[in-house]
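*Asks:* This structure is in C-alpha cells; I'll ask about it shortly.
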Amino acid sequence: MLEIGVNHYLILSGLLFSIGFMGVLRRKNLLMLFFATEVMLNAVNIAFTAIGNYYGDLSGQMFAFFVIAVAASEVAVGLGLLIVLYKKYGSVDLDVIASMKG
Amino acid sequence: MYEFIAFYVFAISTTILFLITVMSKNVLYAMTALAAGMVMISGLFFLLGAEFLGVVQLIVYVGAVMALYAFAMMFFDATKNIKEKHQNPTLVFLLGGLMALLFVLMFSAPIIGDNIQAIYPMIEGVGNAQAVGMVLFTKYLVPFEVAALMLLVAMIAGIILAGKKMDYSLTESESADEEMNIKKGDA
Amino acid sequence: MESLVYIALFSPFVGSLFAGLLFGNAPRNAITGWVASALIFVTFLASATLAYHVATVGAIHIQMMDWITAGDLSIPFGFLVDQISVTMMVVVSLVSTIVHVYATGYMDHDRSYNRFFSYLSAFVFAMMILIMSDNFVGLFIGWEGVGVCSWLLVGFWYHKADRPFEENPSISPSWAANEAFIMNRVADLGMLVGIFLIYWNIGSLQYDVVFEAMPQLADGILVSIAIALFIGAMGKSAQFPLHTWLTDAMEGPTPVSALIHAATMVTAGVFLVIRANPLYALDAVSGVSMFIAALGTFVAFYAATMALIARDIKRIVALSTLSQLGYMFAAAGLGAYWIALFHLAAHAFFKALLFLGAGNVMHAMDDELDIFKMGGLKTAMRGSYIYMGIASVALAGLPVFAGFYSKDAIIETAFNEGTFIIWGMLVITAGMTAFYSFRQVFFSFHGEKRYEALGFHPHDMYKYVLIAMAPLALLAISFGWFMGYYKEFIYGLNETVQYEMSDHTHHLAIYLGALVIAFALTGIFIAWKKYAGKGEKAWKRNEKFENSFVYKLLANQYYVPKFYDEFIVQPYTIMSAKFWELDKKLVDGSVDKLGRACVKIGDTSRGMQNGNLSSYLNWMGVGALLLVLVAVLSSITPEGIVDVLRAVTGKGE
C-alpha cells in the first residue's frame, strides 16, 4: 500500500475534477465559475501526466502543455468579456445576466 | 516511502485547497486557495518526473493567470462577500458526489492493456526539459506554433475587450440611442 | 396479322381514353358515343378477320413484350388468338358494338354520358385482355379489370338513394355495385389460389406450358387446382352460392346489363372452364367436372323457378341469364366444351337482344320495371315487341331459332352421358324457361293496357337504335344454322374440345328434341292462357296465391339474400362496429396518447429553457454525468470483469 501507482493519481484527478464540477454546478458568480473551470483543467492535467508517466510516454505532458496554453488564452479572453459584462450589468452574477429568456 | 508521504501531502492539500476555492464566499480567499492549490499540483508534477511541466505550471498558472485574475478582481469589489442564491444545494452535492464516486470506481480498477506502446517514449539519458524540448520542437511543432498564435489572439482580444475605452460602454452605445431619438423627433 | 391483334385489343382502350381524357370534364357530347362505337366496330372487324385467319391458317400466338421477369418467374405480355378466344372476341366485339350504338340512344339524356362511354369501352378492353391473354396472369388482370368496370357501371347512378330492403331487394346502385365487387373478391381469392398452385407445381403460367405439364401432376394437386379455378369461375358467372349479386346488378343502366351481365362478363367463368379444358378433361378431375355439371344444372333449375314469379322485367331476364349460365356449365362439366361455347355465343346474341328490348320497354315506361303495370304495349312499341318476341323464342328454344340448336345440344349431351337426372332437370328447366320468358312478353306486350290507368305514355326507341339491334335479331334467329360449320372450326383446336354424340343418342335425337320442344310449347301455351287474355279472360292478381309459402319462397329468392344479410352482413356490421371501437381505443388511442405525451413532455421540459445560464449549466452537468455513467457501464464487459478479477487476485500468477 505504500507504493504509489497510477491509480492513485487517477483517483486524485477524478476527485479534483468532481470538486471542480461541483463548483461549476454550484457557483453563480462568473469569476468563481472561472476558478472552478481552472480546477477541472488542472485535474485533467494530473491525469494526463500520470498516464504518460505510467506508459513512459511524453505525449501526456505535451497535452498538459497545450491544456495550459488553452487555459491561459481562455482566462485572457474570458476576463475581458467579464469586464464588459460588468460594465453593462454592474454585476457578474448569472442570475442578473439572465438575458436569454425568450 | 518518500514518494508515499509526498503524494499524500500534496493530494490532501490540493483537495482541501480546491474545496475552499469552490465553497468560499469570499473571492480573495477563493483565489488564494486556487493559487496555493496550483502550487501543490506542480509538486505532483515534480513527483511524476515532469519537472518542466511543474515549472511551467508555477510560472503560467501561479504567476501569469493568477496575476490576471488579481487584476480582474480590481474591477469588482473583492473584499465584499459574494451573495449567491443556491436553488437546491443537495442536488449539486449529489451530482458532484455521484461524479466522484463514478471516477473512483472507474480508476480504482487495475489498468489492463499492457500492449499499449509509447508513441514518443521517454528518452534515456537526458533530462526531462531536454526531452520535452526534443519532442515539442519536432513532433508537436505545428500545434506548438498554433498555440502560440492562439495566445497572441487571446492577448489582443483581452486588450481590446478590457483595455480600450475603459470608461466607455461598448455594448450600450448611447450614440445609437441618440440617433434613434433624433429620428423619432423628426418623425 | 399481328397488327390486327393489337388493333382488336387496343381500339376499345383508345375509345375509353378518348371519352375519359378528352371529354372527362366536358358536358354531354354525342361525339364520344360515336367515336367509342366506331372504335369497337373496328375491333369487331379485326376480330372477324382474325376469325377467318384462324379458320384458314391457324392460331396466332404473339408476345408483345416482357412484362414480369423476376427470378424464375417470367410472364410476358403475350396474346393467344385461337379458336376459343377468337369466338369470344367476335361475340364480345359484336355485342359491344351494338350495345354501344344502343347506348348512344338510351343514355341520350344522361348528364354523365361521356363517363358512361369511357367506362363501357374500358370494360371491352379489359374483356379483350381476359380473352386474349396467353397466360393466367393476363387472364387475371382482365378478370379484375372487368370486375372494376362492372363495379363502375353498376354503380353508375351512384347518386340514387338507398331504399329499404322490403321495397327493393338491392337497395341502391352503389350498394349493388359493392355487393357484386365484394362477392367477386371472395371468388377471386379462389382463382388466385389456383394460379399460385399452378405456378408452384409447374413453374410457369403460360397456357401451353401449363396444359402440357398437367398430366404429370399428382391427382390431388390437379383436383385442388381445378376446384380453385372453378371457385373463381363461380363468382364471375354467378353460380350458386355466389349468385345473388347478378340480379342486384340490374340496378345499373340497361346497356350495362345487356353487355356485362348477360352477354360477356358473366360468361367469363364459362370461358375459363373452356379455356382450361385440357385440365377439366383429365380423368383425375372428373369428379370436379361432374360437380360443375351438377351445380350448373342446379343453378339452371333454381334460377328458372325464381323467374317464374318475378315481377321486375330486368330481374326476369337476369334470372334467365343465370339459368342459361347453368346450362353452359352443365355442358362444360360434361365435357362438351364446344357446345358450351356455342351456347355461350348464341346466348350472348339473344340475351343481349332481350335485354335491349327490356331496356326499350323500361325507357318507354319511364324506368318502370314492374310488369304488372304494363300490358298491351305491342301497339305502341312494335319494333321492340318483334325483337323481344324473337329473343324469347330463341331463349325458349323453339326450332330454327338459335337457342334451339345450342340448348338442345346441351340437353342431348346430358342424355348421351347417361346422367339422366341432369337431363331430366334440364328438360323441365327448358319448359320453365319458355314459360317465364313468354310470361314476360305477354305481360308487357299483350293483354289489358294496365299502364293507361297509371298515366304512362309509352313511345318506342329511336329508329336508328332499333335498326342497330337488327344484327342481334338476325343472329338470334340464324346463329344455330351455323352449328355444323362451327363444330368443324373448333375441332381444329385440340382433341379434348371435341365431343360427339354416340350413335344411340344420335338415333334418339329427334325424339329428345321433340320432347324438349313439347315442354317449351307447353310452357308458352300456359303463359298465353294465363297472361295474354283481354277483357273477361284478362289476368287478375291472385292474392291467395301470392300469400302462399311457395310464392313467398320464390319471391324472396329462397331467402338466400336474407340469409346472407342475417348471417354474414349483419354480424359483420356488428363486428366492424366493435372493431372500430377497439381501433379507436387501441390504435387511435395509442397514437393520441403518443401525441399527448409529446405535448406533455414538451410542456414540462419547457421549464428547462428559463433563460438562466446557471440552470443551463446544471443541465449540462447532468448530461456530463450521464455520459460518464454510460462510459463506465459500457466499459464493463464479462471479459473485462474476468481480467480485473485475475489481475486483482492472481498477481503472482
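Just so you know, all these numbers are worked out from the coordinates, no wet-lab data involved. Values in this document were obtained by computation on a predicted structure and should not be read as measured data. Positions of Cβ are backbone-derived with ideal geometry, glycine not excepted, and every protein chain shown enters the neighbour counts.
*Asks:* Taking the Cα atoms of chain A, report the difference between the largest and smallest coordinate on each principal axis, in whole Å and largest first.
*Replies:* Sorted largest first, the three principal extents are 53, 26, 24 Å.
*Asks:* Over the alpha carbons of the range C:416-468, what is the largest minus smallest coordinate on each principal axis, giving the biggest first in Å?
*Replies:* Computed over the Cα atoms, the extents are 53, 31, 12 Å.
*Asks:* For the residues C:Arg275, C:Arg311, what sequence is obtained by ranking on other C-beta atoms within 10 Å, fewest first? Numbers along the way, then the final one.
*Replies:* On the way: C:Arg275 27, C:Arg311 14.
So the residues, fewest neighbours to most, are C:Arg311, C:Arg275.
*Asks:* To continue, here is another question. Per residue of chain C, what 222 nm ellipticity follows from adding -39500 (n - 2.57) for every DSSP H run with n ≥ 4, rounded to the nearest 500? Mind showing how you got there, number by number?
*Replies:* Values: 30 runs with 451 residues, N = 653.
After summing the helix terms and dividing by residue count, I get -22500 deg cm²/dmol.
*Asks:* I would also like to ask the following. About its Cα centre, how strong a charge dipole does the protein assembly as shown have in debye, to the nearest 20, once Lys and Arg get +1 and Asp and Glu get -1 at the Cβ? Intermediate results must be reported in sequence, preceding the final value.
*Replies:* On the way: 54 positive and 67 negative charges, 589 e Å.
The dipole magnitude comes to about 2820 debye.
*Asks:* Follow-up question, since we're still on this one. Two decimals, Cα atoms only, Kirkwood Rh: what is Rg/Rh over the protein assembly as shown?
*Replies:* On the way: Rg = 49.1 Å, Rh = 36.4 Å.
So for the protein assembly as shown, dividing Rg by the Kirkwood Rh gives 1.35.
*Asks:* Among the chymotrypsin sites (Phe, Trp or Tyr not before Pro) in the range C:82-172, which ones are in a DSSP loop with at most 15 other Cβ atoms within 10 Å of the Cβ? Mind listing them?
*Replies:* Numbers: sites: C:Tyr102, C:Tyr106, C:Tyr113, C:Phe116, C:Phe117, C:Tyr119, C:Phe123, C:Phe125, C:Phe136, C:Phe140, C:Trp143, C:Trp151, C:Phe156, C:Trp157, C:Tyr158, C:Phe165; in loops: C:Tyr158, C:Phe165.
Here the sparse-neighbourhood loop sites are C:Tyr158, C:Phe165.
*Asks:* Continuing with the same structure: In terms of Cα to Cα distance under 18 Å, which lysines are near enough to C:Lys600, apart from those fewer than 8 places away along the same chain?
*Replies:* Reachable lysines: none.
*Asks:* Can you tell me how the range C:282-540 classifies by the Cα gyration tensor, rounded, prolate or oblate, using a/c under 1.5 as the rounded cut? Walk me through the numbers on the way to the answer.
*Replies:* Numbers: a/c = 2.28, a/b = 1.83, b/c = 1.24.
Prolate, because a/c is 1.5 or more and a/b exceeds b/c.
*Asks:* Nearest 0.05, what FRET efficiency do C:Phe545 and C:Arg606 give at R0 = 56 Å with Cβ-Cβ as r? Write down the numbers at each step before the final one.
*Replies:* Values: r = 81 Å, r/R0 = 1.45.
About 0.10, to the nearest 0.05.
*Asks:* When averaged across all projection directions, what area in nm² does the alpha-carbon convex hull of the range C:5-103 cover? Spell out each step's value before the answer.
*Replies:* Numbers: hull surface 31.3 nm².
The directionally averaged projection comes out at 7.8 nm².
*Asks:* Could you tell me what % of all Cα pairs in the range B:1-81 have separations over 20 Å?
*Replies:* Working: 1222 of 3240 pairs.
Percent of Cα pairs beyond 20 Å in the range B:1-81: 38.
*Asks:* Now a separate question. List the lysines whose Cα lies under 21 Å from the Cα of C:Lys544, skipping any in the same chain that are fewer than 8 positions away.
*Replies:* C:Lys373, C:Lys529, C:Lys530, C:Lys552
*Asks:* Which number comes out as Rg/Rh for the range C:373-414 once both Rg and the Kirkwood Rh are worked out on C-alpha atoms? Intermediate values should be presented prior to the final figure.
*Replies:* Values: Rg = 13.7 Å, Rh = 11.5 Å.
Rg divided by Rh gives 1.19.
*Asks:* To continue, here is another question. For B:Ala67 and B:Ile5 in one chain, what is 0.36 nm times their gap in residues minus the Cα-Cα distance, to one decimal in nm?
*Replies:* Computed gain between B:Ala67 and B:Ile5 is 19.2 nm.
*Asks:* Return, for the Cα atoms of the range C:91-229, the radius of gyration and Dmax in Å, separated by a comma.
*Replies:* Gyration radius and largest Cα-Cα distance of the range C:91-229: 19.0, 58 Å.
*Asks:* Please get the size of the charge dipole for the range C:282-540, origin at its Cα centre, with Cβ charges of +1 on Lys and Arg and -1 on Asp and Glu, quoted in debye to the nearest 20.
*Replies:* Using Cβ point charges on Lys, Arg, Asp and Glu, the range C:282-540 gives about 1100 debye.
*Asks:* A further question follows. If you count, for each residue, the other Cβ atoms within 10 Å and average over each peptide, how do C:10-17, A:91-98, C:187-194, C:559-566 line up from highest to lowest?
*Replies:* Top to bottom by mean Cβ count within 10 Å: C:10-17, C:187-194, A:91-98, C:559-566.
*Asks:* Could you work out the equivalent-ellipsoid semi-axes for the range B:43-106, taking the square root of 5 times each eigenvalue of the Cα gyration tensor, largest first, in whole Å? If you can, show how the numbers build up before the last one.
*Replies:* On the way: eigenvalues 172, 144, 8 Å².
Ellipsoid half-lengths, sorted descending, are 29, 27, 6 Å.
*Asks:* Ok, one more. Amide H neighbours of A:Leu58 under 5 Å, at least 5 residues apart or on other chains, H built in the peptide plane: list them.
*Replies:* Amide H neighbours of A:Leu58: B:Tyr120, B:Met122.
*Asks:* Stretched out fully, how many nm does the piece from C:Ser576 to C:Val644 gain, at 0.36 nm a residue minus the Cα gap? Kindly include the intermediate steps, with their values, before the conclusion.
*Replies:* Values: separation 68, 0.36 × 68 = 24.48 nm, distance 6.21 nm.
Working it through step by step, the gained length comes to 18.3 nm.
*Asks:* Take the Cα radius of gyration of chain C and divide it by 2.2 N^0.38 Å, with N its residue count; two decimals is plenty. Display every interim value, and only then the final one.
*Replies:* Working: Rg = 31.5 Å, N = 653, 2.2 N^0.38 = 25.8 Å.
It is 1.22.
*Asks:* Which of rounded, prolate, oblate describes the range C:312-370, given a ≥ b ≥ c as roots of the alpha-carbon gyration tensor eigenvalues and a/c under 1.5 marking rounded, otherwise prolate only if a/b is larger than b/c?
*Replies:* On the way: a/c = 7.56, a/b = 2.57, b/c = 2.94.
Oblate is the answer for the range C:312-370, as a/c is 1.5 or above yet b/c matches or exceeds a/b.
*Asks:* Within the range B:49-151, report the chymotrypsin sites (Phe, Trp or Tyr not before Pro) that DSSP leaves as loop and that have at most 13 other Cβ atoms within 10 Å.
*Replies:* Those that pass, being in a loop and sparsely packed, are B:Phe137.
*Asks:* Between the range B:30-97 and the range C:72-135, what is the C-alpha centre distance in whole Å?
*Replies:* Taking the Cα centre of the range C:72-135 as reference, the centre of the range B:30-97 is 93 Å away.
*Asks:* I've got another one for you. May I ask which residue of B:Met122, C:Ala177, C:Gly235 lies farthest towards the positive end of the charge dipole of the protein assembly as shown, with charges of +1 (Lys, Arg) and -1 (Asp, Glu) on Cβ and the Cα centre as origin?
*Replies:* Going by the charge dipole, the pick is C:Ala177.
*Asks:* What is the average number of partner chain Cβ atoms found within 10 Å of a Cβ in A:45-56? Don't jump to the answer; show the numbers that get you there.
*Replies:* Numbers: counts 7, 7, 2, 3, 10, 6, 3, 7, 6, 4, 9, 7.
Counting Cβ atoms of other protein chains within 10 Å of each residue's Cβ and averaging gives 6.
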